[in-house]
Amino acid sequence: MNFQSLSFLAFLTATTAICLAVGRRAPWAGRLLLMVASLFFYVAGGGWQAFLVLAVGMTVTAGVLQRLCGAEEASRRRAFILGCCWHIAVLAAFKYTGFFTGGRLSIGWAPLGLSFFTFQQLWLLKEAYTRQYQPVQGDDLTLYTFFFPTVTSGPILRPGAFFPQLRSEKFLRPDWQDAAAGLYAICTGMAKKALLAEGFGVIVNNGYAHPERLTTVSAAMVVLGYTLQLYFDFSGYCDVAAGCARLLGIRLPVNFDSPYRSLSVGEFWKRWHITLTTFLRECLYFPLGGSKRGTARTCLNILIIFLVSGFWHGAGWTFLLWGALHGLAQIAERLLGRRLDRLPAWLRWALTFAFVNLAWIYFRAPTVAAGNDILKAVCSLDFARPMPWLSEGLFTCEQEVIRILLPFIAPWRNLLVTAALYITGSVIALWPRNTIQQMERFRPTFWRGAALWVLGVWSVLSFSGITQFIYANF
């Protein structure tokens, strides 16, 4: 069930209304209804087969958590290792069999949200094993696993931050401020996806379909377009998820903090997909030794976690290359140290932003060779103006409205719409405050309500052409 659909809006309205009404009188019943709604949401979107795979994984986690309650360290350690091996093996079987066998053997499908599910279960086992958080009750574990705003594309929930909220006074009892902030985040997230990410996606898809026709300017538009598309697609999902959770009295972690304002690749990863970075740091980097075993070992650990990050995103050489590029960039920054800090801030930002853009080429490309073609086009030094075919299909309905209402700008209509898209997207992406931070400051007024109503209606009217969220594929 796609967030960008009328069926989801109907589901969200019914779930919120029923769970809040019941939860205020009988918290246990409201919790049960939310659990049932979350299970229905997953089955509707992923199917029974996918649900059964995740349900078995959750059962394994529950069994391991019971063993971790024991006092004998050897038994606890054995249960922890076996639980982690189970989840990693299931992820590898569904997602990487084809890659490791060269396509000769493949299951052919993977449960929806399996990558996020796996890391979330591993995080829970790790915190229970290290006694950072104690094992949980069955219904809490089900909500942690299948909580409908996060089950398909995150953010990855830290156990110690999520479970206590299920016992807080605000759970299923949000106040009007929470409700207003939640609706603000939902409307903002839908607009990011429907109006910005999808717009950039048209240009990106056209460019990647015909890389041989790209000039330097056109290729730069495609590369920047994907940089902005990916940001608005995933951050839009996280905004909607955070808004839905806030309506239910749950606060999700911040997953984006204006990442394209970063002055280094290291800072970028503190701002981009923050929950993934936190998981990899605490569950992989620190256990590997972190930065406490010398420079060479630290560099190796950095490279390992970014190769894992790349491979987690997708079973392909392009994702491994993307992860390796980011790992090597962070190693270079670490070795250069304070020498980079002496550069002007604007130059550090420009270098970081350029690197992130170029690395995204391989993240988007179907093959390394296809990525090389885009990179060659960027470096071709052919500065001819972009051809109209690049933006073909961009905001078709909106352009027709402009043609009717403002016929005198018809000759420049396509150029103006494209320019407006890139300017608007760049300004929002570089804005210092992310949506989650603005939720905390949001105060409903007539004009803000009117603006959100316009964004919401515009987004809903654009639902018919909306594609799946990019991160749902990972």
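The values are calculated or read from the model by the stated rules, or taken from the named source; none is laboratory data. Values in this document were obtained by computation on a predicted structure and should not be read as measured data. Glycine also receives a Cβ, built like all others from the backbone with ideal geometry; neighbour counts cover every protein chain displayed.
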Please state which one of Arg334, Arg364, Arg338, Arg342 is in the same structural domain as Ser262 (by TED's automatic domain parsing) and within 27 Å of Ser426 (Cβ to Cβ). Arg364
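How many residues does segment 425-445 contain that are in a helix (DSSP H, G or I) and more than 17 Å from Arg261 (Cβ to Cβ)? Before you say what the answer is, go through the steps one by one.
Going through segment 425-445, the residues in a helix (DSSP H, G or I) turn out to be 425-429, 435-441.
Next, only the ones that are more than 17 Å from Arg261 (Cβ to Cβ) stay: 439-441.
Result for segment 425-445: 3.
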Tell me which residues, restricted to segment 201-242, are buried (at least 24 other Cβ atoms within 10 Å of the Cβ) and not in a helix (DSSP H, G or I). Leu214
Restricted to segment 274-297 and to residues being in contact with a helix residue (DSSP H, G or I) (Cβ under 7 Å, 6 or more places away or on another chain) and of a type in the set (Ser, Thr, Tyr), the residue nearest to Asn372 (Cα to Cα) is Thr277
Output for segment 418-434, where each listed residue is of a type in the set (Phe, Trp, Tyr) and modelled with pLDDT under 90: Trp431
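Specify which of the listed residues (Leu172, Leu143, Leu122, Leu183) is at pLDDT 90 or above, closer than 30 Å to Ala74 by Cβ and not small (Gly, Ala, Ser). So that I can check it myself, show each step before the final result.
On the way: Leu172 fails: closer than 30 Å to Ala74 by Cβ; Leu143 fails: closer than 30 Å to Ala74 by Cβ; Leu183 fails: closer than 30 Å to Ala74 by Cβ.
Result of the check over Leu172, Leu143, Leu122, Leu183: Leu122.
Check segment 351-359 and report whether any residue there is part of a helix (DSSP H, G or I) and closer than 16 Å to Gly316 by Cβ. So that I can check it myself, show each step before the final result.
If we filter segment 351-359 for residues that are part of a helix (DSSP H, G or I), which is where we start, we get 351-359.
When the remaining residues are screened for being closer than 16 Å to Gly316 by Cβ, the result is 359.
For segment 351-359, residues part of a helix (DSSP H, G or I) and closer than 16 Å to Gly316 by Cβ: present.
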Taking the criterion of being surrounded by 15 or more Cβ atoms within 10 Å (Cβ to Cβ), at pLDDT below 80, more than 30 Å from Phe306 (Cβ to Cβ) and in the same structural domain as Arg261 (by TED's automatic domain parsing), would at least one residue in segment 377-386 satisfy it? yes
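So that you can scan it fast, the table gives a plain yes or no per residue for (1) assigned by TED's automatic domain parsing to the domain that holds Cys238; (2) more than 21 Å from Ile305 (Cα to Cα); (3) within 22 Å of the chain's Cα centre (by Cα):
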position: Gly30; (1), (2), (3): no, yes, no
position: Gly47; (1), (2), (3): no, yes, yes
position: Glu72; (1), (2), (3): no, yes, no
position: Thr101; (1), (2), (3): no, yes, no
position: Thr118; (1), (2), (3): no, no, yes
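Being aromatic (Phe, Trp, Tyr) and in contact with a His (Cβ under 9 Å, 6 or more places away or on another chain) is the filter; apply it to segment 282-331 and report the residue that is surrounded by the fewest Cβ atoms within 10 Å (Cβ to Cβ).
So the first thing to find is which residues in segment 282-331 are aromatic (Phe, Trp, Tyr), and the list is 285-286, 306, 311-312, 317, 319, 322.
Now restrict to residues that are in contact with a His (Cβ under 9 Å, 6 or more places away or on another chain): 306, 319, 322.
Working: Phe306: 24, Phe319: 20, Trp322: 26.
Out of the qualifying residues, it is Phe319.
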Is it true that some residue in segment 405-417 is at pLDDT 90 or above, assigned by TED's automatic domain parsing to the domain that holds Ser462, surrounded by fewer than 17 Cβ atoms within 10 Å (Cβ to Cβ) and in a helix (DSSP H, G or I)? no
How many residues, within segment 279-325, are without any contact (Cβ under 8 Å) to a residue 40 or more places away in the chain and not in a helix (DSSP H, G or I)? 9
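Please tell me if Ala71 is part of a loop (DSSP other than H, G, I, E, B), crowded, with 17+ Cβ neighbours inside 10 Å and modelled with pLDDT under 90. Steps first, answer last, please.
Values: part of a loop (DSSP other than H, G, I, E, B): yes; crowded, with 17+ Cβ neighbours inside 10 Å: no; modelled with pLDDT under 90: yes.
No; evaluated as a whole, the condition is false for this residue.
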Being of a type in the set (Lys, Arg) and either over 30 Å from Gly236 (Cβ atoms) or not assigned by TED's automatic domain parsing to the domain that holds Leu12 (or both) narrows Arg131, Arg158 down to just Arg131
Would you check which residues across segment 120-158 are under 17 Å from Phe51 (Cα atoms), of a type in the set (A, V, I, L, M, F, W, C) and not in a loop (DSSP other than H, G, I, E, B) and list them? Leu141, Leu143, Phe146
Failed item in (1) of a type in the set (A, V, I, L, M); (2) free of Cβ contacts under 8 Å to residues at least 12 places away in the same chain; (3) under 29 Å from Ile250 (Cα atoms), with Ile81 passing the rest: (3)
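Does Val22 qualify as being in a helix (DSSP H, G or I), assigned by TED's automatic domain parsing to the domain that holds Ser153 and under 30 Å from the mean Cα position of the chain (by Cα)? Can you show your working first?
On the way: in a helix (DSSP H, G or I): yes; assigned by TED's automatic domain parsing to the domain that holds Ser153: yes; under 30 Å from the mean Cα position of the chain (by Cα): no.
Spelling it out, it is not the case that Val22 is in a helix (DSSP H, G or I), assigned by TED's automatic domain parsing to the domain that holds Ser153 and under 30 Å from the mean Cα position of the chain (by Cα).
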Exactly one condition in (1) in the same structural domain as Val43 (by TED's automatic domain parsing); (2) within 27 Å of Pro27 (Cα to Cα); (3) assigned to a helix (DSSP H, G or I) is not met by Ile186; state its number. (1)
Restricting attention to segment 341-366, and to residues there that are closer than 17 Å to Leu307 by Cα and among the β-branched types (Val, Ile, Thr), which single residue is surrounded by the most Cβ atoms within 10 Å (Cβ to Cβ)? Ile361
